[in-house]
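Participant: Starting off with a structure, shown below.
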Amino acid sequence: MFKRILIANRGEIALRIMRACREMGIETVAIYSEADRGAQYLELADEAYCVGPARSNQSYLKIDRVISAAEVGNVQAIHPGFGFLSENAHFNDVCRQCKIDFIGPSPEAMRQLGDKNTAKQLARKAKVPCVPGSQGLIADEKEAAKIAAEIGYPVLIKATAGGGGRGMRVAANEPALVSAFSQARQEAEAAFGNPDVYMEKYVENPRHVEVQIIADHHGNAVHLWERDCSTQRRHQKIIEESPSPFLKPETRKALCDAAVRLVKEAGYTNAGTVEFIVDKDQNFYFIEVNARIQVEHPVTEMVTGIDLIKQQIRVAAGEPLPWKQDDIKPRGHAIECRINAEDPARNFQPCPGKITQMYVPGGYGVRFDSHAHAGYVVPAHYDSMIAKLIVHQNTRSEAIDSMKRALRELRIEGIKTTIPRLIEILDHQAFFNAEVDTRFIERTWPA
Ligand code: MV4
């Protein structure tokens, strides 16, 4: 087992990893930018090194500085968290060259699944349902028009190097296709340095259901059931829950088993998430793999009783998974609300600044993951999430009541937060009725 791990991240996920390591008797080396200097969570690491100024591309994203901190800190492994370098295959390669274990998949698996088109090819080989569309990348407008005519409009053009909703263009008909195709390629080249695109039939108003998986270095892979992340705004998840209130049991089993087939086909190791969209008739389609731990991992931890961060570290250290699929029996219902320093009354614009007062909820089945505290200055340089409020109860109805109670108790003064909007969503009949698809927020609260 590792003696020391560098945490190549900041904020609540850095704190989450420090806590897991502390309980495992593993020392931690934290990194921070000038904007995070003095943050209280850094005191919970055994050592902390400044890696540069506030801007991410001069600090948390600077591979040479992160590796230098790992060398100086004399660590055996690096946990990348989510965001930043967590899906950077080159960083993963550099860790390997420096003989520092990367707590995540191999660079090869990360590259193969990070490319959406090759990920779909793997999915087809693993008999995982994919959205009807092009067999591969599309060379030109002519081919695009031919395929669109075959699958029928509306179609979605997607950047193979994109993901998370970036680099997508809908075309409702042939005249719109030509401009959508060229815009998608231009945007993809600009954003990802790779203009290649593929095409899919556009699935109207889907739900977003993702499957947590974890695989070891001994050929074992299991799923830890699903999370429903349909409550999102502009591809930013707001509320996640498990189990999905929408899936029928047979759909749930087929979807989770498909996710395991895909990761086995890819030779994937460590934790990952297989993302699907599900249409109103329970047809599910593979969309992409997230080759990292995700923000919403606590939802799965609560219903399975598994500490995913500890399990990631054990898998990276070469340990076999301690369970077979049948041992993983989910219990109850968990909901997570992301608390962002944003102003719902001003189109969710980020609202950095000093938290003057903070009152954190508790009680039966309530978990609060946050690095924030009274006196903490929310920096303007990073994403606006400052806390995650998670509840776990026996039923969905009880979990909703518990979440509303906890949200009403939670006080974060001095800055605007998304708490009022979260309460409105949880109070909405459509949410209670599980009638939420990925367009629910924009339909109900048009910007
Ligand atoms: C889709 C889709 C509809 N049809 N693909 C791709 C990135 C992923 N995070 C969201 N993506 C979508 N792919 C087809 N063929 C709709 C979306 C989508 C979406 C999916 C899940 C959750 C939120 C979404 C918001 C907008 C679009």
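Participant: So, in the stretch 144-171, of the ones that are within 12 Å of the ligand (Cβ to nearest atom) and of a type in the set (D, E, K, R), which residue ends up surrounded by the most Cβ atoms within 10 Å (Cβ to Cβ)?
Facilitator: Result: Lys158.
Participant: Select from the stretch 282-330 the residues that are within 16 Å of the ligand (Cβ to nearest atom) and either closer than 17 Å to Ala77 by Cβ or part of a strand (DSSP E or B) (or both) and list them in ascending order.
Facilitator: Phe284, Tyr285, Phe286, Ile287, Glu288, Val289, Asn290, Ala291, Arg292
Participant: Of the numbered conditions (1) more than 15 Å from the ligand (Cβ to nearest atom); (2) hydrophobic (A, V, I, L, M, F, W, C); (3) more than 24 Å from the chain's Cα centre (by Cα), Leu122 fails exactly one; give the number of that condition.
Facilitator: (3)
Conditions (1) open to solvent by 70 Å² or more (accessible area, probe 1.4 Å); (2) in a strand (DSSP E or B); (3) within 27 Å of Val299 (Cβ to Cβ), marked per residue:
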position: Phe2; (1), (2), (3): no, no, yes
position: Ile5; (1), (2), (3): no, yes, yes
position: Ala14; (1), (2), (3): no, no, yes
position: Ala20; (1), (2), (3): no, no, yes
position: Ala30; (1), (2), (3): no, yes, yes
position: Tyr49; (1), (2), (3): no, yes, no
position: Arg65; (1), (2), (3): yes, no, no
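Participant: Follow-up question, since we're still on this one. For the structure I just gave you, tell me whether Met24 is closer than 22 Å to Gln294 by Cβ, in contact with a helix residue (DSSP H, G or I) (Cβ under 7 Å, 6 or more places away or on another chain) and open to solvent by 40 Å² or more (accessible area, probe 1.4 Å). Reasoning before the result, please.
Facilitator: Working: closer than 22 Å to Gln294 by Cβ: yes; in contact with a helix residue (DSSP H, G or I) (Cβ under 7 Å, 6 or more places away or on another chain): yes; open to solvent by 40 Å² or more (accessible area, probe 1.4 Å): yes.
Considered against the rule, which asks whether it is closer than 22 Å to Gln294 by Cβ, in contact with a helix residue (DSSP H, G or I) (Cβ under 7 Å, 6 or more places away or on another chain) and open to solvent by 40 Å² or more (accessible area, probe 1.4 Å), Met24 comes out as yes.
Participant: Taking only the stretch 207-244 into account, find how many residues are within 16 Å of the ligand (Cβ to nearest atom) and over 16 Å from the mean Cα position of the chain (by Cα).
Facilitator: Final tally of qualifying residues: 1.
Participant: Which one of these is open to solvent by less than 20 Å² (accessible area, probe 1.4 Å) and assigned to a loop (DSSP other than H, G, I, E, B): Ala334, Ala372, Ala399, Ala380? Break it down into steps so the answer makes sense when it comes.
Facilitator: On the way: Ala334 fails: assigned to a loop (DSSP other than H, G, I, E, B); Ala399 fails: assigned to a loop (DSSP other than H, G, I, E, B); Ala380 fails: open to solvent by less than 20 Å² (accessible area, probe 1.4 Å).
Going through Ala334, Ala372, Ala399, Ala380 in turn, the sole match is Ala372.
Participant: Another question, if that's okay. Suppose we filter the stretch 419-434 for residues that are open to solvent by 10 Å² or more (accessible area, probe 1.4 Å) and touching a residue at least 60 places away in the same chain (Cβ under 8 Å); how many remain?
Facilitator: 4
Participant: Still on this structure: Identify the residue in the stretch 172-189 that is open to solvent by 60 Å² or more (accessible area, probe 1.4 Å) and touching a Phe, Trp or Tyr at 6+ places or on another chain (Cβ under 9 Å) and, among all such residues, is farthest from the ligand (Cβ to nearest atom).
Facilitator: Of all residues in the stretch 172-189, those open to solvent by 60 Å² or more (accessible area, probe 1.4 Å) come to 172-175, 178, 183, 185-187, 189.
Subsequent filtering for residues that are touching a Phe, Trp or Tyr at 6+ places or on another chain (Cβ under 9 Å) retains 172-174.
Values: Ala172: 13, Asn173: 16, Glu174: 18 Å.
Looking at the filtered set, the residue picked out is Glu174.
Participant: List the number of the failed condition for Met199; all other conditions in (1) open to solvent by 40 Å² or more (accessible area, probe 1.4 Å); (2) within 16 Å of the ligand (Cβ to nearest atom) hold.
Facilitator: Unmet for Met199, out of (1) open to solvent by 40 Å² or more (accessible area, probe 1.4 Å); (2) within 16 Å of the ligand (Cβ to nearest atom): (1).
Participant: In addition: So which of Asp369, Asp327 ends up being of a type in the set (D, E, K, R) and more than 23 Å from the chain's Cα centre (by Cα)?
Facilitator: It is Asp327.
Participant: If Ala345 meets every condition in (1) away from the ligand (no atom under 16 Å from the Cβ); (2) modelled with pLDDT of 95 or more; (3) part of a helix (DSSP H, G or I) apart from one, which number is that one?
Facilitator: (2)
Participant: When you go through Tyr60, Tyr41 one by one, which is the residue that is more than 30 Å from Ser182 (Cβ to Cβ), part of a helix (DSSP H, G or I), under 25 Å from the mean Cα position of the chain (by Cα) and among the hydroxyl-bearing types (Ser, Thr, Tyr)? Even if it seems obvious, please write down each step before you answer.
Facilitator: On the way: Tyr60 fails: part of a helix (DSSP H, G or I).
So the residue among Tyr60, Tyr41 that is more than 30 Å from Ser182 (Cβ to Cβ), part of a helix (DSSP H, G or I), under 25 Å from the mean Cα position of the chain (by Cα) and among the hydroxyl-bearing types (Ser, Thr, Tyr) is Tyr41.
The values are calculated or read from the model by the stated rules, or taken from the named source; none is laboratory data. Just so it is clear, the structure is predicted and the values come from calculations on it, not from any experiment. A quick note on method: Cβ atoms are made from the backbone with ideal geometry, for glycine too, and the neighbour counts reach across all protein chains shown. Calculation scope for accessible area: heavy atoms of the full protein, side chains included, ligands and nucleic acids excluded. Shrake-Rupley method; radii C 1.70, N 1.55, O 1.52, S 1.80 Å.
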